[in-house]
Every structure is written in structure tokens, then in C-alpha cells.
Amino acid sequence: MSATREGGIKTARTNKAKHGEDFYKRIGAIGGKKGTTGGFAANRELARIAGRKGGRISKRLPKQNISGIL
């Protein structure tokens, strides 16, 4: 039943009863502290370069003029 909404609610209730109301807050904080990369917030110039590269190789097709089809 764990793959259903009801199962998830029961699991959350059980975890909170066994480990305290702040169970999900604590495990989320652990995961956040384990990160070592720093992300783009650590280097804004790197984020700018990556965004430029992504925009340049975008796979989106240019908009076509619908009136030219008819």
C-alpha cells in the first residue's frame, strides 16, 4: 500500500510518531548539509556562462508564420 496516497499518509504518521514531529525537517537538513558542490549561487559568472551555452543550443524551433501556410 506504500505506492498509494493513503499508504504515504500512514507512513508519514508512523515516522512522526516514532521519530518526532520534526522528522522530515531533520532528514531534509541532513541532505542539504551533505551537498559539496555549492551550486550556481557560489559562482554567478559560471551560471551566466552555462545559461548562455544552454540558450545557444536550444532545441526549440523558431516560430513559423501561420498565414504563410495557407
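The values are calculated or read from the model by the stated rules, or taken from the named source; none is laboratory data. All figures in this text were calculated on a predicted structure; none of them were measured in a lab. Positions of Cβ are backbone-derived with ideal geometry, glycine not excepted, and every protein chain shown enters the neighbour counts. For accessibility, only protein heavy atoms count, side chains too; no ligands or nucleic acids. Shrake-Rupley method; radii C 1.70, N 1.55, O 1.52, S 1.80 Å.
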Q) For the stretch 1-48, which whole-number percentage of the solvent-accessible area (1.4 Å probe, protein heavy atoms only) is attributable to carbon and sulfur atoms? A) 57
Q) Among rounded, prolate and oblate, which fits the chain when a ≥ b ≥ c are the square roots of the eigenvalues of its C-alpha gyration tensor, a/c under 1.5 means rounded, and a/b larger than b/c means prolate? A) oblate
Q: For helix 5-19, report the angle its Cα long axis makes with the longest principal axis of the Cα atoms of the chain; keep it between 0 and 90° and round to the nearest 10°.
A: 50
Q.
Residue by residue through the stretch 24-29, what is 3J(HN,Hα) from phi via Karplus (6.51 cos²θ - 1.76 cosθ + 1.60, θ = phi - 60°)? Round to whole Hz and write x for glycine and proline.
A. 5, 5, 5, 6, x, 5
Q) Rounded to the nearest 20 Debye, what is the dipole magnitude of the chain about its Cα centre when Lys and Arg each give +1 and Asp and Glu each give -1 at the C-beta? A) 200
Q. Which one of LEU46, ASN15, GLY31 has its Cα pushed farthest toward the positive end of the charge dipole of the stretch 14-56, where Lys and Arg give +1 and Asp and Glu give -1 at the Cβ?
A. LEU46
Q) How many Lys pairs in the chain lie less than 23 angstrom apart by Cα atoms, where the lysines are 8 or more positions apart or on different chains? A) 8
